[in-house]
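Below is one structure; the comments refer to it alone.
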Amino acid sequence: MRHSVRPRWLARLIGSARGQRRPEEVGATREFSGSAGAPVRPGPPVGPIPTRPLYQPRPWVPPTEADRAPNSAPTPDAESTSTRPIITQSPDQGRATPGRRAGTSFKRPGWLVLGLAAAVLIALAGGYLIVTRSGGSQVGGAGGAVGKPEALANCTATVTDASSARSAFEGAQPGSRICLQGNLGNDELQLRRSGTSQQPITILGGGTATTGQISVRGDHVVVDGVQLSKPRSPGFQLTGNDITVRANVIDSPQVVKKSDDGDGIRFFGNDIKIVGNLVSNVKNLNGQDGNHADAIQTFATSDENGPSQRVLIDNNRFENVDNMCLIAEGPDSEAGDGTGEGSSSKFTVTNNYCDSAAGQAFFFDDISDVTLAGNTVVGKIDKAFSLQNNSTNATIRDNNIGPKVGYQVGMDDSSQEGYNGPEPEGAP
């Protein structure tokens with residue numbers, strides 16, 4: 001029988017390996033999958049211990065469409081690393097999450113898409129209820145946020161009924177702070193005293209005190225946070241200089257006598273500030289001839305009720321007004337009943353909300369240097385702003401005009417000097 005002779009190189013290789021064991025076999029028991037007595041297929045020849053691992057990670061490069069075999073599974077998402085081994089795990093194993101799998105896009109339910117679309121349409125429809133026709137950028141917003149009343153603090157007198165209020169008003173001095181509390185009834189309260197520019201007389205209602213008409217005849221006075229519910233009109237009668245009414249509510253002013261006009265506020269004087277008030281339900285009541293209910297009115301027909309300058313009307317809400325939100329007539333008004341002395345000018349009317357039903361929302365007759373900006377005008381009316389009879393040097397910008405308003409500016413020829421604003425579209 002012929003014995004096979006090992007090649008010389010093989011004999012040297014086997015001899016050098018005898019007595020050596022691979023490091024991973026030290027102290028370990030090798031297991032074989034074959035059954036007992038079955039021949040075991042020999043592994044690869046034992047060689048020298050390698051100086052570096054046989055397995056080396058290689059940089060992973062995503063396959064391109066040209067490299068991918070037809071109908072092959074998509075490549076799983078890659079880890080954020082510079083090297084990675086070849087992945088043999090199915091993409092759908094271990095990393096799948098409800099509603100989303102690797103290699104597939106997330107699909108939103110149809111009802112969710114329809115719901116989002118409906119919400120967007122509703123928001124857009126609401127926005128288009130107010131239309132900007134200012135010829136410039138829209139900055140006014142809805143306008144007319146009622147102011148926050150001042151707290152009842154540092155009171156020099158606290159009153160809870162009309163009688164004690166009248167006594168406090170009569171004894172007021174510069175710096176007095178008269179705090180009204182509760183329901184004082186519907187009587188008229190009159191203040192005939194003045195403060196100073198540094199120490200005004202302040203009447204506080206805290207946003208809850210209720211009373212009737214308040215009449216102020218004096219200078220340097222503040223009325224804040226009082227509610228006038230069905231007062232005799234006008235709810236506020238202001239005559240003097242440096243008078244401020246702010247954060248008050250005037251609701252449903254009443255026509256008690258034929259001479260009453262149903263107005264919410266009337267003012268006469270300089271440096272008047274009407275800020276952050278709510279004037280609502282201003283109605284032509286009792287069917288009286290000549291009754292013309294406006295939210296705010298001023299005129300110059302006598303020495304007592306003279307012209308006004310440097311007037312601020314800002315951030316008020318005028319709701320459900322039968323006529324105009326503001327009517328202002330100077331001493332040479334077209335009606336012919338003015339004193340003809342002095343001038344009314346420098347009215348700043350900004351950020352108000354006006355819902356009115358007359359021919360116009362804001363009317364100026366012989367009032368120069370008017371600024372109208374950031375106001376919102378709604379209601380079915382002919383025009384938003386009317387200027388006539390030398391109401392010159394007006395500035396109109398950034399107002400929000402409702403869709404039922406015919407046009408924004410009505411102006412006569414005498415008022416066009418120095419005008420800055422959108423093109424007038426009709427008569428005042």
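Quick look at the numbers
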{"quantity": "Heavy-atom accessible surface of segment 314-428: percent carbon and sulfur, 1.4 Å", "calculated": "36"}
{"quantity": "Estimated D of segment 293-357 in µm² per second, where Rh is the Kirkwood radius over Cα pairs and Stokes-Einstein applies at 25 °C, 0.890 mPa s", "calculated": "195"}
{"quantity": "Dipole magnitude of segment 327-401, debye to nearest 20 (Cβ charges: Lys/Arg +1, Asp/Glu -1, about Cα centre)", "calculated": "420"}
{"quantity": "Theoretical gain in end-to-end length, H292 to S414 [0.36 nm per residue, Cα-Cα removed]", "calculated": "41.3 nm"}
{"quantity": "GluC sites (Glu not before Pro) within segment 273-358, DSSP loop, no more than 13 other Cβ atoms inside 10 Å", "calculated": "E304, E341"}
{"quantity": "Residues in segment 209-248 that a label on S259 would reach, taking backbone N under 17 Å of a point 7 Å out along Cα→Cβ", "calculated": "213-217, 232-239"}
{"quantity": "Loop trypsin sites (Lys or Arg not before Pro), segment 209-288 (other Cβ atoms within 10 Å of the site Cβ: 15 or fewer; DSSP)", "calculated": "K257, K258"}
{"quantity": "Accessible surface of Y419 - all protein chains present, 1.4 Å probe, nearest 10 Å²", "calculated": "50"}
{"quantity": "Solvent-accessible area of R310 with every protein chain in place, 1.4 Å probe, in Å² to the nearest 10", "calculated": "110"}
{"quantity": "Projected label distance in nm at T156 and E334, using a 7 Å step from Cα toward the beta-carbon", "calculated": "4.6"}
{"quantity": "Of all accessible heavy-atom area on segment 237-305, the percent that carbon and sulfur account for (1.4 Å)", "calculated": "43"}
{"quantity": "Ranking by accessible area, most exposed first, for C155, C325 with a 1.4 Å probe", "calculated": "C155, C325"}
{"quantity": "Two-site label geometry, E425 and D382: point separation in nm, points 7 Å out along Cα→Cβ", "calculated": "1.5"}
{"quantity": "Nearest-10 value in Å² for the accessible area of D187, using the 1.4 Å probe", "calculated": "80"}
{"quantity": "Potential lengthening between S167 and T301 on full extension [0.36 nm per residue; Cα-Cα distance subtracted]", "calculated": "45.0 nm"}
{"quantity": "Whole-Hz couplings from phi, Karplus 6.51/-1.76/1.60, listed for segment 181-193; x for Gly and Pro", "calculated": "9, x, 9, 8, x, 10, 6, 7, 10, 10, 10, 10, 10"}
{"quantity": "Order of exposure, largest accessible area first, which applies to L152, L180 with probe 1.4 Å", "calculated": "L152, L180"}
{"quantity": "Residues of segment 206-328: accessible area per residue with a 1.4 Å probe, Å²", "calculated": "31"}
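The values are calculated or read from the model by the stated rules, or taken from the named source; none is laboratory data. All figures in this text were calculated on a predicted structure; none of them were measured in a lab. Backbone-built Cβ (ideal geometry, glycine too); neighbour counts: all protein chains shown. Each accessible area value is taken on the protein alone, full model and side chains, heavy atoms only, with ligands, DNA and RNA left out. Shrake-Rupley method; radii C 1.70, N 1.55, O 1.52, S 1.80 Å.
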